[in-house]
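Here's the structure, in structure tokens; my notes come after.
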């Protein structure tokens, strides 16, 4: 069974940093692209970043470019989201998701981890 | 940037109703559109990809259509489990953009 477990969320001050992790299991991790999607409290979904299965190509939403960095470690079946220069509008539940090889869309999701940026 | 606009924002319907949600793209996107369902406090679930392809395990009462700039998600006979928020999403190699969501409520 495919399983994705995010961790690393919490309360951080504006301008601070946080690193999210997403541990994957139940599938051959190094053959799937992965992504992060966030959802501010009471708001809709916002795509954040995607990474190819090799990790060589990474794309970002304009709203996070230059501040958030996605990476992966295929030996650890884990993707990461390094979050720097955090702002109040980065407050959201952050979901890790697998990109399906046939659908090319987010076919499996984690349960999400909450990041709160506040002083 | 491509913008995705869904209508309506909220829809009230009864069990057994046929429900249609519309998604419009600000420019031509061919068939690069997906639909997701999200229930409160839960992660989204992929329903449809490439505008009309049903994801494995999704009930056949869900269907998608359209191409270019206008797309629809149809639920042929609304079931109690279908009351949720639905999002369309454009995708390509470089970015993904969600619509603002359509909440399907019990009438």
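Quick look at the numbers
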{"read-out": "Strands (runs of 3 or more DSSP E) completely within chain B that count 3 or more residues being out of contact with any helix residue (DSSP H, G or I) (no Cβ under 6 Å at 6 or more places or on another chain), within 11 Å of another protein chain (Cβ to nearest Cβ) and modelled with pLDDT of 95 or more", "value": "B:33-38, B:45-49, B:85-91, B:96-98"}
{"read-out": "Flag for residue A:97 being more than 12 Å from the chain's Cα centre (by Cα) and either more than 24 Å from residue A:25 (Cα to Cα) or touching a residue at least 24 places away in the same chain (Cβ under 8 Å) (or both)", "value": "no"}
{"read-out": "Filter result for residue A:64 (outside any loop (DSSP other than H, G, I, E, B) and under 26 Å from residue B:32 (Cβ atoms))", "value": "no"}
{"read-out": "Number of the condition not met by residue A:17 [criteria: (1) more than 23 Å from residue B:41 (Cβ to Cβ); (2) within 11 Å of chain B (Cβ to nearest Cβ); (3) loosely packed, with under 13 Cβ neighbours inside 10 Å]", "value": "(2)"}
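Residues checked against (1) without any contact (Cβ under 8 Å) to a residue 60 or more places away in the chain; (2) surrounded by fewer than 15 Cβ atoms within 10 Å (Cβ to Cβ):
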position: A:50; (1), (2): yes, no
position: A:71; (1), (2): yes, yes
position: A:78; (1), (2): yes, no
position: A:88; (1), (2): no, yes
position: A:91; (1), (2): yes, no
position: A:107; (1), (2): yes, no
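The values are calculated or read from the model by the stated rules, or taken from the named source; none is laboratory data. Since we're looking at a predicted model, the values are computed, not measured. Using ideal geometry, Cβ is built from the backbone for each residue, glycine included, and neighbour counts are taken over all protein chains shown.
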